[in-house]
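Bear in mind that the values in this text are calculations on the coordinates, not laboratory data. Because the structure is a prediction, the values reported are computed rather than measured. All Cβ positions, even for glycine, are placed from backbone atoms using ideal geometry, and neighbour counts span all protein chains on display.
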Amino acid sequence: MGNQHKLNSKKIAFEVSKLGEQKLHPSIHEFKQFVNKHPKLISNLRKKGRPWQEYYEKWILLGEDDDYWEAFKEEDKGDEEKKKTADENTKKKNTELLSQLVKVAENMDMDKVQKQVHQLSNTISTVQEAISQFQQTKGSTAKQNPNQWFQD
């Protein structure tokens, strides 16, 4: 009996949604077509979490041809060409930067670089030794008199 009730309620819900789709106001169908022409509107709605009702009301008040909707249209071919040109310019700049880095690397004296790396390594070792000695001194002081903090 419970399964029959579930099937009936699903059937009724499907028929109601089907009926609701058929009885939509013509302006809502027009708004759906408008949204399909402005795909960025959907992503903007999802990103900002704004209700569809808000944009539907703006569409009713402003109309389809208002400048407000230009930001939500698909990119024109001109925009694609501009983007492609910008990408090419970026690639060109990256290539120039890489060639400059290669020139700098060619002009480096590797012996000097090796000496500086060795000095840096020695400095790091010295600092590590100093820290190790400090920790040993600190540990031995605490072991000698663990209650020194509480004495009067």
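Among the GluC sites (Glu not before Pro) found in segment 34-137, those both in a DSSP coil and sparsely packed, with 13 or fewer other Cβ atoms within 10 Å of their Cβ, are GLU64, GLU74, GLU75. Other residues lying with their Cβ under 14 Å from the Cβ of THR90 contribute a combined charge of +3, Lys and Arg counting +1, Asp and Glu -1. Cross-link pairs exceeding 27 Å between alpha carbons, from the set LYS48/LYS73; LYS37/LYS83; LYS23/LYS58; LYS115/LYS138; LYS40/LYS92; LYS48/LYS93: LYS115/LYS138; LYS40/LYS92; LYS48/LYS93. Rounded, prolate or oblate: pick one for segment 46-124, where a ≥ b ≥ c are the square roots of the eigenvalues of its C-alpha gyration tensor, a/c under 1.5 means rounded, and failing that, prolate if a/b is larger than b/c, else oblate. Judged from the Cα gyration tensor, segment 46-124 comes out oblate (a/c at least 1.5, b/c at or above a/b). For segment 53-70, backbone phi angles converted through the Karplus equation (6.51, -1.76, 1.60; θ = phi - 60°) give residue-by-residue couplings of 4, 4, 6, 5, 5, 4, 4, 5, 6, 8, x, 6, 8, 5, 4, 4, 7, 4 Hz, Gly and Pro being listed as x. For segment 30-78 versus segment 81-121, the spacing of their alpha-carbon centroids is 45 Å.
Extension gain, LYS103 to SER27, is 20.8 nm, computed as 0.36 nm per intervening residue step minus the present C-alpha separation.
Summing +1 for each Lys or Arg and -1 for each Asp or Glu among the other residues whose beta-carbon sits under 13 angstrom from that of HIS118 gives +1.
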